[in-house]
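Working notes, structure below.
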Amino acid sequence: MKLPKQVTIIEVGPRDGLQNEKSLIPTEVKINFIKKLKMAGLQEMELTSFVSPKWVPQMKDAYEVISSCLDGTRDIVLAPNRKGIERLYETNCKAFAVFVGVSESFNKKNINKTTTESMEELKPLIQELKEKGYFIRACISTSFYCPYEGKVEEESVLKLCSTFVQYGVDELSVADTIGKANPKEVFSLFSRLKKELPNTMLTAHFHDTRGMALANVFAALQAGIDRFDTSAGGLGGCPFAPGATGNVATEDVVYMLEEMGIQTGINLSKLVEAVDIIKPHLTRPTESKYYRLQSAK
């Protein structure tokens, strides 16, 4: 069995995890949550996003979160368009994320543009950001299944990923947005991505909608992936993906990897303390099995 000796965890709870939370969480709680996650050893994190507060009100305090939480780690801010990027320029954040759905229908629902239109808009923006020295992460939504179109073909994912690489992005986060992928599909797609884009930083992003996220993490490991998006407490869901539940829980992934002898550099006890901070402000229970077991002690 060929597995990596070390894995990098990218914490997406503060952004992807909280964006779908119905109650508005106080800014100071988000900041404390982020700081505790950093204390747990997380070196890469999606802090927040510059999106319309009309559509995602949870992210309206992005400036305050960024100004309080930037440090020497890779702190990522997501923005979908030129307006969001102009707001990014007003901060000291130097890592940026864009998102595009492979599925045209999903992309249209998400940002009111087709996938082709999104890519045409993003090309000059990515080039501009690269010239300014930004780290650029491209989040590839609906890489396996779409809630509106069903199965997404591998060729479509490979084409979109290859185009982003041509644009000059540093990282591709390839997502099972609605949590329907199975380990066989995961191994197949990521094996092809590793082969066809050997010099690109590849990250796997799984949701646990059907309880297959950890199995999919294992399949991606076997395909050579050593970077994973996870969310403390299993927070998450997508406002534009009906039925999608939370991201795979950071503590569940860390526990599994560490038990397998794969190093993550993350302290599980401090992770649990981070979830303790955010849990009282959530409208739904946490999805993390490890957290529930620790809380029951």
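Quick notes on this one:
- In the set (1) surrounded by 15 or more Cβ atoms within 10 Å (Cβ to Cβ); (2) part of a loop (DSSP other than H, G, I, E, B), residue 90 fails one condition alone, (1).
- Residues that are crowded, with 23+ Cβ neighbours inside 10 Å and outside any strand (DSSP E or B), drawn from segment 138-151: 142, 143, 144
- Every pair of residues 6+ apart whose Cβ atoms lie under 9 Å, when the first sits in segment 163-188 and is under 16 Å from residue 227 (Cβ atoms) while the second is charged (D, E, K, R) and surrounded by fewer than 24 Cβ atoms within 10 Å (Cβ to Cβ): 169/130; 170/130; 171/227; 173/227; 176/185
- Matching residues, segment 64-86, being in a helix (DSSP H, G or I) and buried (at least 16 other Cβ atoms within 10 Å of the Cβ): 65, 66, 68, 69, 84, 85
- Members of segment 165-182 that are out of contact with any Lys or Arg (no Cβ under 8 Å at 6 or more places or on another chain), surrounded by fewer than 23 Cβ atoms within 10 Å (Cβ to Cβ) and within 25 Å of residue 94 (Cβ to Cβ): 165, 166
- Any hit, segment 132-142, residues being more than 29 Å from residue 182 (Cα to Cα), in contact with a Gly (Cβ under 7 Å, 6 or more places away or on another chain) and among the hydrophobic types (A, V, I, L, M, F, W, C): no
- Scanning segment 19-33 for residues that are in a loop (DSSP other than H, G, I, E, B), at pLDDT 90 or above and under 20 Å from the mean Cα position of the chain (by Cα) turns up just one, 25.
- Checked against the criteria, residue 116 counts as surrounded by fewer than 15 Cβ atoms within 10 Å (Cβ to Cβ), part of a helix (DSSP H, G or I) and either under 19 Å from the mean Cα position of the chain (by Cα) or not charged (D, E, K, R) (or both).
- Meets criteria (touching a Ser or Thr at 6+ places or on another chain (Cβ under 6 Å) and either of a type outside the set (Gly, Ala, Ser) or crowded, with 24+ Cβ neighbours inside 10 Å (or both)) for residue 200: no
- Of the residues 108, 159, the single one that is farther than 23 Å from residue 94 by Cα, touching a Gly at 6+ places or on another chain (Cβ under 9 Å), without any contact (Cβ under 8 Å) to a residue 12 or more places away in the chain and in a helix (DSSP H, G or I) is 108.
- Residue check, residue 211 modelled with pLDDT under 95, among the small types (Gly, Ala, Ser) and in contact with a helix residue (DSSP H, G or I) (Cβ under 6 Å, 6 or more places away or on another chain): no
- Looking across segment 102-130, the residues that are within 22 Å of residue 87 (Cα to Cα) and of a type in the set (D, E, K, R) come down to 113, 117, 120, 121, 123, 128, 130.
- Exactly one residue out of 143, 162, 188 is of a type in the set (Gly, Ala, Ser), touching a His at 6+ places or on another chain (Cβ under 9 Å) and modelled with pLDDT of 95 or more: that is 143.
- Total residues in segment 1-18, condition within 17 Å of the chain's Cα centre (by Cα) and touching a residue at least 60 places away in the same chain (Cβ under 8 Å): 11
- Filtered by the rule that a residue be of a type in the set (Gly, Ala, Ser) and surrounded by 15 or more Cβ atoms within 10 Å (Cβ to Cβ), segment 1-47 gives 13, 17, 40, 41.
- Number of positions in segment 52-101 that are over 13 Å from residue 14 (Cβ atoms) and within 16 Å of the chain's Cα centre (by Cα): 9
The values are calculated or read from the model by the stated rules, or taken from the named source; none is laboratory data. The structure displayed is predicted, hence computed values, not measured ones. Heads up, the Cβs are rebuilt from the backbone with ideal geometry, glycines too, and the neighbour counts pull from every protein chain shown.
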